[in-house]
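Peer 1: Sharing a structure here in structure tokens format.
The values are calculated or read from the model by the stated rules, or taken from the named source; none is laboratory data. Keep in mind that this is a model prediction, so the values were computed, not measured. Cβ placement follows ideal geometry from the backbone for every residue including glycine, while neighbour counts extend to all protein chains displayed. Surface accessibility is based on the protein's heavy atoms, side chains included, excluding ligands, DNA and RNA. Shrake-Rupley method; radii C 1.70, N 1.55, O 1.52, S 1.80 Å.
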Amino acid sequence: MDTVTKELFNTFGKYNFFTEPELNTEAREALCLFLKKLKKTKSRKSYQSGYNYMFYLRYLMIMRRGLIDENYLIVCNELGSLIYRFPPTETRIKLVIIELLEEFLKE
């Protein structure tokens, strides 16, 4: 993980499947903060190629389901898994994450 990715991950990294359900609201706030930080980051033009080029979509589908169910702990967990495998600053990933989070985290 590069420095920018670590900083973004640390925004919500403590929230996951094993976190107490009472922290769901805090997880939502962490996702809002993550969204603000992600928007400010510089996009990478290059992308990680390989056999699993489109595999990041799997994480996005689970994140969307979590957002629909307002289970922000699942969203944080899947976002962490996504960031661990794919840089969130890649334009193709960054734009989709921003759009997804903006759709469901409207203030």
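Peer 1: What does the accessible area per residue of the chain come to in Å², with a 1.4 Å probe and no ligands, DNA or RNA counted?
Peer 2: That works out to 61 Å² for each residue.
Peer 1: Going by average Cβ density within 10 Å per residue, which order do the peptides 75-88, 26-39 take, highest to lowest?
Peer 2: 75-88, 26-39
Peer 1: Still on this structure, please answer the following. Given H placed on each backbone N at 1.01 Å, which residues far from ARG44 in sequence or on other chains put an amide H within less than 5 Å of it?
Peer 2: Residues meeting the criterion, in which the H sits 1.01 Å from N, are GLU90, THR91.
Peer 1: Hey, for a label at LYS14 modelled as a point 7 Å past Cα toward Cβ, could you say which residues of region 54-83 have their backbone N under 19 Å away?
Peer 2: Flagged as within label range: 72-81.
Peer 1: Would you mind counting up the charge near ASN24? Only other residues with Cβ under 14 Å from its Cβ, with Lys and Arg at +1 and Asp and Glu at -1.
Peer 2: Once positives and negatives cancel, what remains is -4.
Peer 1: Calculate the dipole size of the chain relative to its Cα centre from +1 charges on Lys and Arg beta carbons and -1 charges on Asp and Glu beta carbons; express the result in debye to the nearest 20. Walk me through the numbers before you get to the answer.
Peer 2: On the way: 17 positive and 14 negative charges, 134 e Å.
Computed charge dipole of the chain: roughly 640 debye.
Peer 1: Using only the alpha carbons, work out the radius of gyration and Dmax of the chain in angstrom.
Peer 2: Spelled out, the Cα radius of gyration and Dmax of the chain are 12.9, 39 Å.
Peer 1: Next up: Pull up the cross-link candidates among the lysines for LYS40, meaning alpha carbon to alpha carbon under 21 Å and not fewer than 8 places away within one chain.
Peer 2: Filter leaves LYS6, LYS94, LYS106.
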